[in-house]
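The structure under discussion appears below in the form of structure tokens.
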Amino acid sequence: MTKATACLISLATASVIAATIMLASPAAALDPSGHAVRVNPAVNATGPGGERLIVLEGAVFMGDMIVANPNGLAQVRFIDNTRIVIGPNSRLKIDTFVFNPDNTAKEVSINMIKGSFRFISGNSPDGAYKLRTPTMTIGIRG
């Protein structure tokens, strides 16, 4: 084997290793579904993006469980301009957030497990949204 061949094999091996590491890192292979546009202290997320404290402009991913402590509050804006406010002492899971090429939602499924929430639909058809709760109270205004 010549030195040139050995060098090419080493480069190929290094490329395979680098690609494997990037694919093994969940956040590296994901596009965020949205970003936090408001955060008061102590709102955490666990999911494909890893376990993390949500910070202003921090990414939120499909599959994330978002938990606010008794003093926490967060507002997330998704790609289609859908907004959700997670109130203090609340927990929700973003089960599905699939987008069309034009940045409208194809399918959205959010499980509001515990607490208080405000949901404002974005630039997507009403039929794209599914919100699940253990119990629900609906407030109609206007």
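Laboratory data are not the source of any read-out in this text; all were calculated from the coordinates shown. Treat the numbers as computed from the prediction; the structure is a model and nothing was measured. All Cβ positions, glycine included, derive from the backbone under ideal geometry; neighbour counts span all protein chains shown.
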Qualifying residues in the stretch 78-125 (those that are under 15 Å from Ala45 (Cβ atoms) and charged (D, E, K, R)) - the one surrounded by the most Cβ atoms within 10 Å (Cβ to Cβ): Lys93
Residues within the stretch 31-55 that are among the β-branched types (Val, Ile, Thr) and within 12 Å of the chain's Cα centre (by Cα), tallied: 2
